[in-house]
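Note sheet for the following structure.
The values are calculated or read from the model by the stated rules, or taken from the named source; none is laboratory data. These numbers were taken from a predicted model, which means no experiment stands behind them. Ideal geometry is used to build each Cβ from the backbone, glycine not excepted, and the neighbour counts take in all protein chains shown.
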Amino acid sequence: MSAKLKTAVLGATGYSGLELTRILHRHPKLEKPVLLRRNGSHGATNISDGNQSDASQADMNLADVFPALSGNGGYPLQALSWPELQRLGVQLLFLATPHEASRSLVPEAMAHGLRVIDLSGAWRLKQAQHRAIYNFQDSDAATAAELTDKAVYGLPELHRDCIAGADLVANPGCYATSVILALAPLFRRASSIGSMELFRIRSRECRERGKNPRRARTLFRWLKTSRRIRFSDTATSARLWSNCS
């Protein structure tokens, strides 16, 4: 029997992190995940140097945040420390963190030899003009550009093989997933479909999900205008099915 994969979840106290933790706990090929907390406001994350202990934080448990977990064996929380993750043998780090936090944490995690699956939108968008909506301020622009190119768009229905060997997976959002999976079969049969009209999807006032909701940025910016796609003379269909980005 092959050894089980050791994972960690940063942001386990958020809603996405909680659901992810439940999934990982049930997975037959994973060890019990290491649960990490985010400290500070607006997604700021305090990182321990691995040489200090905080007795007041040592006995924190995810069940303290979500009482529904009480009585299920315990879900201890600890501060993020790169040396500690290495000591524990963590191989894969899940980031259930805000976009800005993930953007700064991924280069550090990968520099420490970790593979990363990021649940935010920090590494999904390849085109700078689309990514500009986040207004990221990368401390190392060259490294950020390299990782952006390297990131695999984590939609297993399309990119299963690429995901398996990826060092960085940008997990897709729910809205994008619903649109991509609906359109993908049409693009796959491009040769038998002449053209299709993509109508404008109007955004409305809504809020980002999570414990600290903010006014959502414009949804589906890439479908702002109504236009007709000719499947026979566009490279989009080929890229959708062959490119892992």
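Here are some residues: LEU95, LEU125, LEU119. Which one is at pLDDT below 95 and within 14 Å of the chain's Cα centre (by Cα)?
LEU125
Matching residues to (1) in contact (Cβ under 8 Å) with a residue 60 or more places away in the chain; (2) assigned by TED's automatic domain parsing to the domain that holds LEU30; (3) under 29 Å from GLY121 (Cα atoms):
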position: ALA63; (1), (2), (3): no, yes, yes
position: SER70; (1), (2), (3): no, yes, no
position: TYR75; (1), (2), (3): yes, yes, yes
position: GLN78; (1), (2), (3): no, yes, yes
position: PRO83; (1), (2), (3): no, yes, yes
position: GLN86; (1), (2), (3): no, yes, yes
position: GLN91; (1), (2), (3): yes, yes, yes
position: PHE94; (1), (2), (3): yes, yes, yes
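Give me the pairs, please: first residue somewhere in segment 139-151 and farther than 10 Å from ARG103 by Cβ and touching a residue at least 40 places away in the same chain (Cβ under 8 Å), second residue anywhere and of a type in the set (A, V, I, L, M) and in a helix (DSSP H, G or I), beta-carbon distance under 7 Å, and either six or more positions apart or on two chains.
From segment 139-151, no pairs qualify.
Quick one: which residue in THR21, THR45 is at pLDDT 80 or above and among the hydroxyl-bearing types (Ser, Thr, Tyr)?
Answer to the check: THR21.
In the set ALA132, ALA142, which member is at pLDDT 95 or above and surrounded by fewer than 17 Cβ atoms within 10 Å (Cβ to Cβ)?
The conditions single out ALA142.
Suppose the filter is in the same structural domain as PRO33 (by TED's automatic domain parsing) and more than 21 Å from LEU80 (Cα to Cα); does ARG160 pass it?
Against the criterion (in the same structural domain as PRO33 (by TED's automatic domain parsing) and more than 21 Å from LEU80 (Cα to Cα)), ARG160 qualifies.
Provide a single number: the residues in segment 109-119 that are in contact (Cβ under 8 Å) with a residue 40 or more places away in the chain and not in a strand (DSSP E or B).
Here the count works out to 2.
When segment 161-175 is examined, which residues are found to be aliphatic (A, V, I, L, M) and touching a residue at least 40 places away in the same chain (Cβ under 8 Å)?
ILE163, ALA166, LEU168, VAL169, ALA170
To keep it simple, each residue is scored yes or no on (1) within 26 Å of ALA3 (Cα to Cα); (2) assigned to a helix (DSSP H, G or I).
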site	(1), (2)
LEU93	yes, no
PRO107	no, yes
ARG131	no, yes
ASP138	no, no
ALA142	no, yes
ASP161	yes, yes
